[in-house]
Every structure is written in structure tokens, then in C-alpha cells.
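Okay, structure first, notes after.
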Amino acid sequence: MPPRVCVLLPVRDAEDTLDECLASLAAQTLADHEVVAVDDHSADGSRARLERAARQDRRLRVIDNPGRGLVDALNAGVLLAEAPLLARMDADDVCHPERLRLQAARLESDRVLDVLGTCVRLVGEGAGAGGMRAYVAWLNSLLDHDAIVRDLYVESPLAHPSVMMRRELLARLGGYRAFEGPEDYDLWLRAHAVGARFATLPEVLLDWRDGPRRLSRTDARYAPARFLETKMEALERGPLAPRPAVVLWGAGPVGKGWSRALGARGHRVSAFVEVHPGRLGQRIHGAPVIPVAAALPAAGVLHLAAVGRPGARAEIRRLAARAGLRDGEDLIAVA
């Protein structure tokens, strides 16, 4: 019989944190799980620590991935996974003893659900940074499917190492995609495109480590420009495809950035919507700045709420609804 859950654990030069990570997995109250640890050509003592832990716990399997990177390591682990549910874990994080049990129970009781994250607690050297704290607070506030997909184009709405998902969904998507961008965020966008359902457990079940060596801080694939391009590509495959024109709500830095990006890819920004009376009547990148009253639903037009603050997004949604725009269809929030 296969185990109920397989934990995918890519490892590369993580000897400082690996023991604590492995101990948290060994202590899971869900005993019926396996861990596939993919050693991605570590040059420190990680491999020795993995092999020592595997001798003590037969549920841990160690395989090689000769330095081909995170996506290749993850896909190599998926190929060996036997369980119907796949859980992600990073070698510098620690999970609560109840994590696997609670996630498996939810996914097994709710067959409609495909991807399930948990709330996380930020730890490590970067835990005090205001931007990261704000991101984690936002992340932990998105608990149900509607909330997650409503903000899907704002930022990645799930902490990747907290996620458990169905293996059949990952197989349907062809695994993680190797490209010059964020593999986890790309996966959520592609999963949404095929109708996957998302949720996040309200319990904090993962200590998520932040620090200067984290890939999101050191690898160009996780730079803001790559996130923007990944969002743009997903919009072009989906809601932007049948609409030749875009109306941007917000004429600040976020809106102007989106205007430049859209123009560079051949999309026409027909107007900016603003509530600030001093901006009305101006032109930005050749498009007029119009009041909310003029922003009505129109065939062939996609409205993007392009602002950075959650409060501003909520206000745009309220005003757009009064104008007859459907949130998630006519209007999509981006950042």
C-alpha cells in the first residue's frame, strides 16, 4: 500500500537547517507518509545528514539530482512519489507536528479541493522586514478559494513549502515548468486555468524562514520583473486573450508600470481611471485619465485594478461594482 502523503524535499547546501527540518517531519502525527529528499548536488554536509536520517527513519528516501536546479529536483521527486497527496517542504523550514495530518484530512474529506496551503509564521534573519511581514499577513488572510483567486494576479497567494496538493493535478499540468521565472507562482496560475480549487488552513503549521540566502532574494527568476511577466503571460492565455483593450484603474507607479508592460507586448491601454480630481483630463502614455463614472463595462475591454495597497484595491472593487463591472471577470486586481 502506498503512503497517504509524500513530502517533496529538495536539498542543496542546507546543513545548517536540515536537521531541524527533518526532525519536524519525523515528528508528524501522520505516521503514514514518506519523504523524498532530492539532493541537488550539495557541496556541504547535507548529504551525510540526509543519509544518517534515512538510516534512522525508513520513510525517508534520498535521491540524487546533479545540480540541475530546483524545478528539476522537484520533478525528479514527483516521479518517485507513490502517495496520492504531495506535500512541499524546504530544507530551511520547520512544520508543526499536526501539519500533514490536518492537510491530508481536509483533502481526503473535500474531493473538490486540489491545492491546500497553511498559514505560516515568518522566522529567520528577514522576519523583521516590513515588506515581508506585510506579505505574510496578506497571505495568511486568504483562506478560501474565492479570496485566493480574487488576488491571484496580485502576488503568489500560497506559501509554496506549506502546500499539499493532489498528485493527479500535478501530473495533469505536466509537473513544474522550467523557465526563467517563479515555478510555484506559475504552477498556481496554470492550475487555476484548468479549474483547480484552492484553500488555506487557518492554523499556522509552518515556520517559514527568510534570510539573505533565500532564492527569492538571490535568483533573478524571482525578481519583480519576472513576476510581472509571468502574470502577463497568464492573462494573455486567459482573460486578456479575447479583449484588445485594457482600462487601468490607478495612475500611480503600479498602473504606469503595467501600462508600459502592456504596451511593450502590443496591448492597447485605452484609459486610466482615477478618483484624484487633479489627475482627471491628463494623458498618461497617450491614454486619457477618466473619472469612475466614465468607466463602464464594454465589449472587448478588460479592467485591471493596478494599485499596491490592499485598501485601495478594496475601494476600486467597490466603485467598479457600482459601475456594473464583475470582479474576477470584467475587473482583475494586479500589482
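Some points to look at:
- Using alpha-carbon coordinates, inclination of helix 310-322 to the longest axis of the chain, degrees: 50 degrees
- Set against the 2.2 N^0.38 Å expectation for a compact globular protein, segment 51-120 has a Cα radius of gyration ratio of 1.27.
- Linear extension gain, ARG68 paired with ALA321, 0.36 nm per residue minus alpha-carbon span: 86.3 nm
- Most positive-pole-ward Cα, TRP138, ALA178, LEU116, against dipole of the chain from beta carbon charges: TRP138
- Segment 245-335: C-alpha gyration tensor shape, a/c 1.5 cut-off, then a/b vs b/c: rounded
- Net charge over other residues, Cβ less than 12 angstrom from the Cβ of ARG177 (K, R count +1; D, E count -1): -4
- Only protein heavy atoms count here; under a 1.4 Å probe, VAL149 has an accessible surface of about 30 Å².
- Tensor-based shape of segment 110-243 (alpha-carbon gyration tensor, a/c under 1.5 rounded, otherwise prolate or oblate): oblate
- Its residues counted as N, segment 262-314 yields a C-alpha radius of gyration over 2.2 N^0.38 Å of 1.19.
- Residues in segment 27-137 average 45 Å² of solvent-accessible surface per residue, probe 1.4 Å, ligands and nucleic acids excluded.
- Dipole in debye (nearest 20) - the chain, about Cα centre, beta carbon charges: Lys, Arg +1; Asp, Glu -1: 1200 debye
- The magnitude of the dipole of segment 13-101, with charges of +1 and -1 set on the Cβ of Lys/Arg and Asp/Glu and taken from the Cα centre, is near 400 debye.
- Of all DSSP bridge pairs formed entirely within the chain, close to 20 percent run antiparallel.
- Per-residue accessible area (protein heavy atoms, 1.4 Å probe) orders GLU98, GLU180, GLU20, GLU51 as GLU180, GLU20, GLU51, GLU98, starting from the largest.
- Net charge contributed by nearby residues that have their C-beta within less than 12 Å of GLN103 (K/R +1, D/E -1): +2
- Rounded if a/c under 1.5, otherwise prolate or oblate - segment 1-146, Cα gyration tensor axes: oblate
- Distant-in-sequence amide H partners of ALA83 (H built 1.01 Å from N, under 5 Å): CYS6
- Here the dipole of segment 180-282 is about 360 debye; that uses its Cα centre as origin and unit charges on the Cβ of Lys and Arg (positive) and Asp and Glu (negative).
- 13 Å reach of a label modelled at LEU80, 7 Å along Cα-to-Cβ, counting backbone N of segment 1-40: 7-11, 34-40
- Here's how it looks for LEU122: its modeled amide H is under 5 Å from those of TRP208, which are all 5 or more places away or on a different chain.
- Diffusion constant of segment 171-212 at 37 °C, which comes from Stokes-Einstein with the Kirkwood Cα-pair radius and 0.692 mPa s, µm²/s: 259 µm²/s
- Summing Lys and Arg as +1 and Asp and Glu as -1 over all other residues whose Cβ lies under 14 Å from the Cβ of GLU315 gives a net charge of +3.
- Computed label-point distance, nm, for sites VAL123 and GLU108 using a 7 Å Cα→Cβ extension: 2.7 nm
- Centre-to-centre, using Cα atoms only, segment 63-126 and segment 235-265 are separated by 33 Å.
- Each listed q (0.10, 0.12, 0.15 Å⁻¹) maps to a log10 I(q)/I(0) for the chain, found by the Debye formula over equal Cα scatterers with no solvent: -0.62, -0.85, -1.20.
The values are calculated or read from the model by the stated rules, or taken from the named source; none is laboratory data. Treat the numbers as computed from the prediction; the structure is a model and nothing was measured. Here the Cβ is made from the backbone with ideal geometry for all residues, glycine too, and neighbour counts use every protein chain on show. Each accessible area value is taken on the protein alone, full model and side chains, heavy atoms only, with ligands, DNA and RNA left out. Shrake-Rupley method; radii C 1.70, N 1.55, O 1.52, S 1.80 Å.
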